[in-house]
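Enquirer: Here it is, the structure, as C-alpha cells.
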Amino acid sequence: MAEKRKLEEREKLKEELLEKLEKLKEEVRKSGEKTASELEKTIGEIGKDLEYLSKDFAEFFKETFEKPQVKEAIARTRSWLTSALKNAADSLLRYGKELDGLYDAGDLPAGKYECIRCGRVVEHKGGKLTGCPTCGGTTFKKID
Ligand SMILES: [Zn+2]
C-alpha cells in the first residue's frame with residue numbers, strides 16, 4: 001500500500017513538474033515582455049523540483065532494480081531504456097554545464113572558447129567546433 005501511495009505521489013509530482021515546464025516555456029516564449037526577476041521564480045521552482053526528483057528517481061531505480069523480475073524485464077528492454085535515460089541525463093548535464101559557461105565540442109555559436117584542459121583559446125566562427133587543436137580536449141569555457 002505504501003508503495004502504491006509513493007507511486008501516486010511521484011505521478012502527481014511529475015504532472016506538476018510538466019505543468020511548470022509548460023508555464024516556463026510559455027513565459028520564455030513571451031520573455032521579451034518579461035523581466036529576469038519575473039522568470040526567476042518559475043526557474044527556481046523547477047530547479048527545486050528537479051533536485052528533488054533526481055534524488056527520488058535515483059532511489060526509485062535502486063529499489064526497483066533489486067527485484068529479479070524487474071532485472072529480467074529491464075534486460076529485455078535494456079537498449080531502449082539505457083538510451084532514454086542516457087539522453088535525458090546528457091541533455092540535463094549539457095544544460096548544467098552551459099549554466100556554468102561550459103560547452104562540449106559540437107555545434108556551437110560563434111565566439112571565443114577556452115579549452116578547460118590546456119587553456120588554449122579558440123576563435124570559433126560558428127558551426128561545428130571539434131576538439132581542442134592543442135590537446136584534443138572537448139570541454140570549453142565560453143569567454144566572449
Ligand atoms: Zn586543450
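What follows is calculated from the coordinates using simple rules that are stated; it is not laboratory data. Fair warning: this is a prediction, and the values are worked out from it, not measured in the lab. Backbone-built Cβ (ideal geometry, glycine too); neighbour counts: all protein chains shown.
Enquirer: Roughly how tilted is helix 36-65, in degrees to the nearest 10 and between 0 and 90, from the longest Cα axis of the chain?
Expert: Taking Cα atoms only, the helix is inclined about 50 degrees.
Enquirer: Using the Karplus equation 6.51 cos²θ - 1.76 cosθ + 1.60 (θ = phi - 60°), what ³J(HN,Hα) coupling, rounded to whole Hz, does each residue of the range 83-96 give in order, writing x for Gly and Pro?
Expert: 6, 5, 5, 5, 4, 4, 5, 4, 5, 5, 4, 4, 5, x
Enquirer: Three principal axis extents, largest first, for the C-alpha atoms of the range 92-138, in Å?
Expert: Computed over the Cα atoms, the extents are 28, 21, 14 Å.
Enquirer: So for the chain, taking the charge dipole from beta-carbon charges (+1 Lys/Arg, -1 Asp/Glu), which of 96, 126, 35 sits furthest toward the positive end?
Expert: Going by the charge dipole, the pick is 126.
Enquirer: Hey, quick one: spin label on residue 7, modelled 7 Å out along Cα-Cβ, who in the range 61-89 has an amide N within reach, i.e. under 19 Å?
Expert: 61-75, 77
Enquirer: Is it possible to state the helix-based mean residue ellipticity at 222 nm for the chain, with each DSSP H run of 4+ residues giving -39500 (n - 2.57), the sum divided by total residues, to the nearest 500 deg cm²/dmol? What is it?
Expert: Only helices count here, giving -22500 deg cm²/dmol.
Enquirer: Working out 0.36 nm times the residue gap between residue 91 and residue 121, then minus their Cα-Cα distance, what length gain in nm do you get to one decimal?
Expert: That pair, residue 91 and residue 121, stretches by 8.3 nm at full extension.
Enquirer: Three principal axis extents, largest first, for the C-alpha atoms of the chain, in Å?
Expert: Largest first, the chain extends 59, 43, 20 Å along its Cα principal axes.
Enquirer: How far apart, in nanometres, would the label points at residue 143 and residue 130 be if each is projected 7 angstrom from Cα along the Cα-to-Cβ direction?
Expert: Between residue 143 and residue 130, the label points sit 2.3 nm apart.
Enquirer: Further question on the same structure: What dipole magnitude, in Debye to the nearest 20, does the range 54-109 give about its Cα centre under +1 on Lys/Arg Cβ and -1 on Asp/Glu Cβ?
Expert: 300
Enquirer: To the nearest 20 debye, what charge dipole does the range 32-144 have about its Cα centre, counting +1 at the Cβ of each Lys and Arg and -1 at the Cβ of each Asp and Glu?
Expert: Numbers: 19 positive and 19 negative charges, 114 e Å.
That gives a dipole near 540 debye.
Enquirer: Tell me which residues come under 5 Å, amide H to amide H, from residue 129 once H is placed; ignore anything under 5 positions away on its chain.
Expert: HN-HN under 5 Å from residue 129: 106, 107, 108.
Enquirer: Full extension from residue 37 to residue 15: what is 0.36 nm times the residue separation minus their Cα-Cα distance, to one decimal in nm?
Expert: On the way: separation 22, 0.36 × 22 = 7.92 nm, distance 2.49 nm.
Value of the extension gain: 5.4 nm.
Enquirer: Additional query: A 18 angstrom limit on the alpha carbon distance is what I want to check against. Which of 97/125; 20/142; 4/48; 23/48; 97/142 exceed it?
Expert: Values: 97/125 21 Å; 20/142 29 Å; 4/48 24 Å; 23/48 15 Å; 97/142 11 Å.
Listed pairs above 18 Å: 97/125; 20/142; 4/48.
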